[in-house]
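Following: one structure in structure tokens, then a few remarks.
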Amino acid sequence: MRAAVMTAAGRVEVLEVELLPLAPGRIRVRTGATPFCVTDVMNADGVFGKVPPTILGHASMGVVEELGPEVSGVRVGDRVVVHGTAECGRCFYCARGRADQCSLIFDRPDGPPGVARLPDGRIVTAAGNVGGYAELMWVDARQVVPVRSTLSDVELGLLGCGVTTGLGSVFNVAAVVPGSDVAVVGCGQLGLWMIQAARLAGAGQIIALDPDAGRRERAAKAGATATLDPDEADPVEQVRALTAGFGVTYALEAAGPALAQRQAILMTHRGGTAVLTGCEPLGAELNLPQVPMALQGRAVLSSQNGRVRMHHDIPRYVRMLEDGRLDASLVVSAEFALEDVERVREASRTHRVVTGVIVPGAAVRGGAGGV
Ligand SMILES: [Zn+2]
Ligand SMILES: [Zn+2]
């Protein structure tokens with residue numbers, strides 16, 4: 001099968017690879033659609049800890065083609081979301097109700113399992129144990145959710161990471177109280193889901209910040225009540241000016257730079273809550289003033305994949321997309337063939353697309369893609 005493989009830090013090649021035979025608990029899934037998000041940009045650049053060679057694409061969807069031994073809960077022919085986070089149900093974290101930190105993904109002393117073989121014999125791993133930029137995926141059955149839905153492959157593919165992280169940041173992590181003011185810092189894929197979720201949660205003001213005018217326009221369509229350009233004036237002061245000088249109750253950060261996270265935290269009022277989702281390359285640090293953090297009652301919460309419980313959250317989010325309460329068209333910019341991986345990588349990095357989606361089964365479109 002063909003797969004987009006990171007063969008060295010910063011180098012991505014579409015190669016013919018041979019999928020390994022299924023180990024116990026594993027399933028083979030024919031890939032439908034895999035979004036390209038900022039995590040994938042950083043993985044491709046080799047700045048987020050991925051060891052080559054690895055197939056990129058850390059969340060996806062597809063149709064189950066084959067079951068390995070000892071698989072339960074999923075059948076051949078099922079349409080499944082291949083989620084960015086597993087849920088083994090038994091590890092230290094799952095036992096504490098924190099499947100978002102499941103050891104199946106984050107605690108692997110021997111490294112991630114190999115899924116395929118390169119022509120030169122080297123074994124290839126898969127980003128997030130998914131590897132969605134490939135015609136086939138070799139995944140753990142505990143990392144998929146079967147769905148029955150009228151949604152398109154592209155829409156379902158978004159559920160593995162962007163939807164669950166954006167909505168979960170509002171519903172599970174911040175637990176936004178109706179009527180309270182929310183700021184969303186960064187209006188890319190995650191920010192646009194956060195805005196839609198804040199609207200559904202009944203937020204009062206939804207203040208969206210992004211330096212890109214096109215993204216601010218999308219934010220307004222998604223439900224932002226005010227949009228601000230953080231480059232125009234101090235974003236903390238701009239948010240205070242809209243909230244009678246207090247700041248917001250919840251600031252949701254979906255931008256990435258440590259400076260944006262600091263600003264998000266400081267644009268909450270005393271006793272407010274900031275939720276952080278972004279990352280710079282590994283090793284970056286966040287600097288904060290002591291008094292607002294130690295004496296002013298602020299909470300700073302991390303939102304790895306929206307503190308997801310995938311079997312509970314994904315079916316609900318599927319219904320909300322089906323009945324139109326959530327709009328995926330605001331978030332998706334364009335579809336790409338597997339061979340276009342470098343184009344979508346560049347378009348994502350330079351913010352020319354909000355979300356590019358790779359459809360590995362699609363014919364090479366040469367020049368299409370809408371970028
Ligand atoms: Zn677990
Ligand atoms: Zn992602």
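What to note about this one:
- Restricting segment 234-244 to residues that are open to solvent by 50 Å² or more (accessible area, probe 1.4 Å) and in a loop (DSSP other than H, G, I, E, B), the residue that is nearest to VAL182 (Cα to Cα): ALA244
- Restricting segment 74-89 to residues that are away from ligand 2 (no atom under 16 Å from the Cβ) and touching a helix residue (DSSP H, G or I) at 6+ places or on another chain (Cβ under 6 Å), the residue that is least open to solvent (accessible area, probe 1.4 Å): VAL74
- Residue check, PHE92 among the aromatic types (Phe, Trp, Tyr) and within 16 Å of ligand 2 (Cβ to nearest atom): no
- Filtered residue count, segment 340-362, keeping only those that are open to solvent by 70 Å² or more (accessible area, probe 1.4 Å) and in contact (Cβ under 8 Å) with a residue 60 or more places away in the chain: 4
- Within segment 95-135, tally of residues that are away from ligand 2 (no atom under 16 Å from the Cβ), touching a strand residue (DSSP E or B) at 6+ places or on another chain (Cβ under 8 Å) and either in a loop (DSSP other than H, G, I, E, B) or within 18 Å of ASP40 (Cα to Cα) (or both): 11
- Which listed residue is in a loop (DSSP other than H, G, I, E, B), touching a strand residue (DSSP E or B) at 6+ places or on another chain (Cβ under 7 Å), open to solvent by 20 Å² or more (accessible area, probe 1.4 Å) and under 25 Å from VAL332 (Cβ atoms), from ALA255, ALA220: ALA255
- Of all residues in segment 63-76, none are closer than 21 Å to VAL173 by Cβ, in contact (Cβ under 8 Å) with a residue 40 or more places away in the chain and either away from ligand 1 (no atom under 16 Å from the Cβ) or in a helix (DSSP H, G or I) (or both).
- If the condition is being open to solvent by 60 Å² or more (accessible area, probe 1.4 Å) and either in contact with a Pro (Cβ under 6 Å, 6 or more places away or on another chain) or among the β-branched types (Val, Ile, Thr) (or both), then segment 27-62 contributes VAL38, VAL51.
- Considering the conditions (1) surrounded by fewer than 22 Cβ atoms within 10 Å (Cβ to Cβ); (2) closer than 21 Å to ILE195 by Cβ, TYR250 is excluded by exactly one of them, (1).
Yes/no per residue for (1) open to solvent by less than 10 Å² (accessible area, probe 1.4 Å); (2) within 16 Å of ligand 2 (Cβ to nearest atom):
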{"site": "VAL154", "(1), (2)": "no, yes"}
{"site": "CYS161", "(1), (2)": "no, yes"}
{"site": "LEU167", "(1), (2)": "yes, yes"}
{"site": "PHE171", "(1), (2)": "no, no"}
{"site": "VAL177", "(1), (2)": "no, no"}
{"site": "VAL182", "(1), (2)": "yes, no"}
{"site": "MET194", "(1), (2)": "yes, yes"}
{"site": "ALA198", "(1), (2)": "yes, no"}
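The values are calculated or read from the model by the stated rules, or taken from the named source; none is laboratory data. Owing to the predicted nature of the structure, the values given are computational and were not obtained by experimental measurement. No Cβ is skipped: glycine too gets one built from the backbone with ideal geometry, and neighbour counts run over all protein chains shown. Side chains included, ligands, DNA and RNA excluded: accessible areas come from the protein's heavy atoms. Shrake-Rupley method; radii C 1.70, N 1.55, O 1.52, S 1.80 Å.
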